[in-house]
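Here, each number is a calculation from the coordinates, and none is a lab measurement. Remember, it's a predicted structure, so these values are computed and weren't measured experimentally. Glycine also receives a Cβ, built like all others from the backbone with ideal geometry; neighbour counts cover every protein chain displayed.
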Amino acid sequence: MIEKLDGATRLHLVIGDPIAQVKSPGGVSQMLQAQGRNAIVLPIHVAPADLDGFLAGAGLARNLDGVIVTVPHKFAAYPFCGTASERSHFLAAVNVIRRTQDGTWHGDMFDGIGYVEALRDKGCALEGRRVLLAGAGGAGSAIAHALALSGIATLALHDPDLDRRNALATRLAGLGTCAITTGSTDPADFDVVINATPVGMNADDPLPFDIGRLTKAMFVGDVITRPEITPLIEAARALGCGTVIGADMFAKVRDLMVRFLLETDDPVEDQD
């Protein structure tokens, strides 16, 4: 329940297209107010063609302190940041930005580290594992980056957009932390299988992987939050696989974003 809303309330926004599926406004508002902040989070539906104009205009609102960025704006919002974290610079993407003291925006991307934290919390040991990841978009690239830094042995990337997949694979290979290969819908011979695409949100969607090739020894994850239990997760659980669902990731990412929004120091060390 929102305890306070008045003329002194500080604003944070969630922007996306679509926006009806987002779960963060109520929960993040409550978390900010539990920390003693007179602040609230509001959802805003912004189409991609309108993003530049919206962010430029929103920046004029003097009581706007932060913006949570969701699909499909995570790459497009990055250029608006005067400063950003190292991982955001690597990915050229953000999922949250906050106002700095000089009025510019500082960005970060928590989808990847949030997902890795969720995997570990559910008992998935990543060190030395072979991971298949579908999706090289905003969330997928962030998860791929965090996985590449997590101690895994191999990361195989699958995405129908081959240029996007190959570009991400090249950047990740440059880290020199694990083997980077290309994957497919076949999960055979992998230890961890993750869907970081929207496939599974709609009832008539195909499956992101060939579930006939899953085994109970695998750990299976999905980023989708609605439905909470996707057909992929349902099939994996029927086999006895360990699983991470989108809600598990969301809880971790939400906590990281709130901590970020509550910080007040200007991030001088991360400037471009």
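Candidate cross-link partners of K4 among the lysines, defined by an alpha-carbon separation under 29 Å and a same-chain spacing of 8 or more, comprise K23, K252. Computed from point charges on the beta carbon alone (+1 for Lys and Arg, -1 for Asp and Glu), the dipole magnitude for the chain about its Cα centre is near 400 Debye. In plain terms, the C-alpha convex hull of the range 10-109 casts an average shadow of 6.1 nm² when viewed from every direction.
Estimated at 0.36 nm per residue, the fully extended path between A34 and K4 surpasses their Cα-Cα distance by 9.7 nm.
In the range 135-213, the inverse of the mean reciprocal separation of distinct Cα atoms equals 13.0 Å; this is its Kirkwood hydrodynamic radius.
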